[in-house]
Amino acid sequence: MLIKSPSASDCKESDVTPEALYLSRRAVLGATFAGFAASALPRWSLADEVSQYAGVDPGAAPAWLKTRLTATRWQAVTVKDEAITPYKDATHYNNFYEFGTDKGDPALNAGSLKTEPWSVVIDGEVGKPGRYALEDFIKPYQLEERIYRLRCVEAWSMVIPWIGFPISELLKQVEPTSSAKYIRFETLQDPQSMPGQRSGFALIDWPYVEGLRLDEAMNPLAILAVGMYGRELPNQNGAPLRLVVPWKYGFKSVKSIVRISLVSEQPKTTWQSIAANEYGFYANVNPTVDHPRWTQAHERRLPGSLFSPNIRQTEMFNGYGEQVASLYTGMDLRKNY
Ligand code: MTE
């Protein structure tokens, strides 16, 4: 990453709560959801409220998406005994180089991104290629809230309540051919609305590209997200559609996706192309394989401060080993970092 100074599940299904019960809970819940351990969160329904989480900016989702968000299966996956990162931190400390290289740039600049209308192209080794309006693209899928750890390769981390659906569901719909071995994701390229793409100093060969092996994409933890904190994705977090792969470093979770291709060869990904010795294709969170310029053994859980940096040990596969370790049986993860 363009770091100036490198510094340092439980799965459970939950139903929507009846509205009366939800309304009485809201009176109690009041101010600080952020201080709750994710597993201690009650069940609720969104009803007509903007969000159940404290300090969330009102959303501006189109009517069709609001309806879908309301029917979310809340807390389908949570983390135990870890506080959800406050919304303000999750939306003002971002990496989205299309909008600048400072952590605050995406929140300042991403207002220019026009997310409606939005369409997604599915192509390559699939039985059902096509270009879909986002509304139609997500129509077949039940949205779920997935409260996941996010571990950036820069050694900071957060806990984010995403809303999305498993990529495996999409793959069932589009019918990969037998030649499909990888899935490639591409971000919008639009220098007019993305100042980082106009900058002559950018190291990145746009558009931003990421990829997964097909069996990784089929893992139930890998999702495409359309929302977070009970509302649609803010632009700086990758609206209107982004990847979330919680056992991998955050740079795999490509934002503002416009194209999804099933391919036979391992795709050339953005950070690997910039510095292959620092950023691998797999990018699994691994505390035993350091980045050449800093340790990956621990991380700063945000928010923190200079005097209280909130350091914690990094877990193998970001704590999701039970669900994903078998994907890498027999692989040397020091070579395939
Ligand atoms: N996707 C695009 N298109 N451009 C980016 O610069 N940054 C990545 C990833 N997805 C990035 C991107 C990195 S490095 C991280 S850590 C996560 O987004 C950060 O996601 P967040 O800002 O929502 O926390």
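Before moving on, here are some points about what is shown:
- In a reduced charge model with +1 at each Lys and Arg Cβ and -1 at each Asp and Glu Cβ, the stretch 63-328 shows a dipole moment near 320 debye about its Cα centre.
- Heavy-atom accessible surface of the stretch 63-328: percent carbon and sulfur, 1.4 Å: 51 percent
- Solvent exposure of the chain amounts to 43 Å² per residue of accessible area, where only protein heavy atoms count and the probe is 1.4 Å.
- Scattering curve values for the stretch 63-328, log₁₀ I(q)/I(0), Debye with Cα scatterers, q = 0.11, 0.15, 0.16 Å⁻¹: -0.58, -1.17, -1.36
- Relative protection proxy for 155-164, 183-192, from highest mean packing down: 155-164, 183-192 (other beta-carbon atoms within 10 angstrom).
- Averaging Cα coordinates gives a centre for the stretch 259-337 and one for the stretch 195-246; these two points are 16 Å apart.
- Helix-only [θ]222 nm of the chain, DSSP H runs n ≥ 4, -39500 (n - 2.57) each, per residue, nearest 500: -4000 deg cm²/dmol
- Cα extents of the stretch 253-331 along the three principal axes, largest first (Å): 48, 30, 24
- Charged neighbours of LYS268, selected by a Cβ distance under 12 Å, balance to -3 (K, R count +1; D, E count -1).
The values are calculated or read from the model by the stated rules, or taken from the named source; none is laboratory data. On a predicted model such as this, the values are computed, not experimentally measured, just so you know. Neighbour counts are summed over all protein chains in view; Cβ atoms, including those assigned to glycine, are modelled from backbone coordinates with ideal geometry. Quick note on the areas: whole protein, heavy atoms, side chains included, nothing else; ligands and nucleic acids left out. Shrake-Rupley method; radii C 1.70, N 1.55, O 1.52, S 1.80 Å.
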